[in-house]
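Novice: Mind having a look at this structure? Questions to follow.
The values are calculated or read from the model by the stated rules, or taken from the named source; none is laboratory data. Since the model is a prediction, treat every value here as computed from it, not as a measurement. With ideal geometry, Cβ positions are generated from the backbone for all residues, glycine too; neighbour counts draw on all protein chains shown. Accessible surface areas use protein heavy atoms only, side chains included; no ligands, DNA or RNA. Shrake-Rupley method; radii C 1.70, N 1.55, O 1.52, S 1.80 Å.
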Amino acid sequence: MITIKLKYQSDQVFQDFLFKLRKQYSNVYRFAYNRFKDGLSKKEIYHLIPSLKNVDMIKGRLIQDSIDFSQRVFEKDKKLNKISVFGGLNNFILRCKGKLTKEQFLQKRLISLYLQGEN
């Protein structure tokens, strides 16, 4: 597998688009992770995602990539006997102490986009 990271510059409109996309992608990721905890399969989760509200930008391959990524994290957590706190435990503690605002915490809670291609 080859990982490619690209630097880019964009205007505010594109930044807003990426923020909205990451927010919806994070919702799908967290939903899939929690369904894996419930014991559902990838196929069952894939068919449940269109019923979610506010994820209209996430379709097709992006759904599949989100499910695959959340499954990998779930399997890793299960193997390590670990519980995931979305957004990070340290950030959660800082938020509880009032050192992070709600907006800062929600920003740090967003998951990076994970896109997988094929040859």
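Novice: Does Lys23 meet the test of being surrounded by 11 or more Cβ atoms within 10 Å (Cβ to Cβ) and touching a Gly at 6+ places or on another chain (Cβ under 7 Å)? Show your work before the answer.
Specialist: Working: surrounded by 11 or more Cβ atoms within 10 Å (Cβ to Cβ): yes; touching a Gly at 6+ places or on another chain (Cβ under 7 Å): no.
Criteria not met by Lys23.
Novice: Going through Tyr114, Tyr46 one at a time, which residue ends up being open to solvent by 70 Å² or more (accessible area, probe 1.4 Å) and either closer than 28 Å to Ile2 by Cβ or under 12 Å from the mean Cα position of the chain (by Cα) (or both)? Before you say what the answer is, go through the steps one by one.
Specialist: Details: Tyr114 fails: open to solvent by 70 Å² or more (accessible area, probe 1.4 Å).
It is Tyr46.
Novice: Moving on to the next point. Residue pairs, Cβ under 7 Å, 6 or more apart or interchain, first in the stretch 85-114 and among the aromatic types (Phe, Trp, Tyr), second open to solvent by less than 40 Å² (accessible area, probe 1.4 Å) and part of a helix (DSSP H, G or I). List them.
Specialist: Qualifying pairs under 7 Å: Phe86/Arg30; Phe105/Asn91; Tyr114/Asp65.
Novice: Can you confirm whether the stretch 1-11 contains a residue that is assigned to a helix (DSSP H, G or I) and open to solvent by less than 60 Å² (accessible area, probe 1.4 Å)?
Specialist: Checked against the condition, which is being assigned to a helix (DSSP H, G or I) and open to solvent by less than 60 Å² (accessible area, probe 1.4 Å), the stretch 1-11 yields no hits at all.
Novice: Using beta carbons and a limit of 8 Å, which pairs, at least six apart or on different chains, have the first residue in the stretch 1-27 and in contact (Cβ under 8 Å) with a residue 24 or more places away in the chain and the second one open to solvent by less than 80 Å² (accessible area, probe 1.4 Å) and assigned to a helix (DSSP H, G or I)?
Specialist: Partner pairs satisfying both residue conditions: Tyr25/Leu62; Tyr25/Ser66; Ser26/Arg109.
Novice: What number of residues within the stretch 66-84 satisfy the criterion of being of a type in the set (D, E, K, R) and in contact (Cβ under 8 Å) with a residue 40 or more places away in the chain?
Specialist: Of the stretch 66-84, the ones of a type in the set (D, E, K, R) are 68, 72, 75-79, 82.
Among the residues that remain, those that are also in contact (Cβ under 8 Å) with a residue 40 or more places away in the chain are: 68.
Selection size over the stretch 66-84: 1.
Novice: Next up: Only one of Asn90, Asn34 is out of contact with any strand residue (DSSP E or B) (no Cβ under 9 Å at 6 or more places or on another chain) and open to solvent by 80 Å² or more (accessible area, probe 1.4 Å). Can you tell me which? Explain how you work it out, then say what you get.
Specialist: Values: Asn34 fails: open to solvent by 80 Å² or more (accessible area, probe 1.4 Å).
One residue alone meets the criteria, Asn90.
Novice: Next question, about the same structure. Tell me, yes or no, whether the stretch 51-71 has at least one residue that is within 15 Å of Arg22 (Cα to Cα), surrounded by fewer than 16 Cβ atoms within 10 Å (Cβ to Cβ), modelled with pLDDT under 90 and of a type in the set (A, V, I, L, M, F, W, C).
Specialist: No, every residue in the stretch 51-71 fails to be within 15 Å of Arg22 (Cα to Cα), surrounded by fewer than 16 Cβ atoms within 10 Å (Cβ to Cβ), modelled with pLDDT under 90 and of a type in the set (A, V, I, L, M, F, W, C).
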